[in-house]
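Nothing in this text is a laboratory measurement; each read-out follows from the coordinates by a stated rule. These figures come from a predicted structure and were not determined experimentally. Methodologically, a virtual Cβ is constructed for each residue, glycine included, from the backbone with ideal geometry; neighbour enumeration extends over all protein chains shown.
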Amino acid sequence: MTDDTGTVGRALETLTEAERAHVTQLLTRTRDDFLTAVEPLTPDQWAFQPGPDRWSIGLIAEHLGLVESRLFGQVERALREPPNANWESASGGKDALIATMLGNRETPRAAPEPVIPTGAVDRAAALGVFQERRARTLAFAATTHESLKSHTLDHHRPTYGTLNAYQWLLYIPLHHQRHLDQIDEVKAAPGFPPADGV
């Protein structure tokens, strides 16, 4: 009689086809929505800041390239950690928590110092960095067979606590959606420059 407990356990730790489809769809949609939102912007619109301490769309774009690399690095860091035997209890329910917390823009959250945009990156470079890093993330999500869920890493915000590597991967497009909403807010702000010819 064959003991298939190990096989079943590994199946629980790896992505289901539904999870893979979900995260790749989110990564693809947020990429496409972002590029669609910024492609027609004039230089004045790209650089417009709705307030003295508010980010322009250009600064948001720079931030997205920086944070894509940082968050994917968290996926890689989690995978270098030994498997967490208690991953199910430690990270259970966190998919929904991440979506809820990142979807709430009523509570401002300061970006960590390494991903604060400088404004020194031009438009072509910012978009190139973002697209290169998103392509890497998408390729990983579409092909990985790692046991993402059994490898965990603590978030620096205690509200999130322990996240597994799949949740760190999911965090990337959900964080991106937060900034797509921010881009809409910038466009709706008083004083946003008109399009050329308007």
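For the reader, a short list of remarks on this structure follows.
- Relative contact order of the chain, pairs being alpha-carbon contacts under 8 Å that are 6 or more residues apart, as %: 39 percent
- Comparing mean-square fluctuations of Ala126, Ala37, Ala110 from a GNM of the chain with C-alpha springs under 10 Å, the top value falls on Ala110.
- Comparing Thr28, Leu59, Leu41 along the charge dipole axis of the range 19-61, the residue lying farthest to the positive side is Thr28, per the Cβ-charge model.
- Centroid-to-centroid separation of the range 52-69 and the range 130-198 [C-alpha atoms, Å]: 12 Å
- The C-alpha atoms of the chain define a longest principal axis, and helix 123-143 lies at about 20 degrees to it.
- Under a Gaussian network description of the chain, with springs only between Cα atoms under 10 Å, the residue in Thr162, Thr30, Thr118 that fluctuates furthest is Thr118.
- A cut-off of 5 Å between modelled amide H atoms, ignoring neighbours fewer than 5 places along the same chain, links Thr152 with Asn84.
- Just so you know, the Rg over Rh for the chain is 1.03, from Cα atoms, with Rh as the Kirkwood radius.
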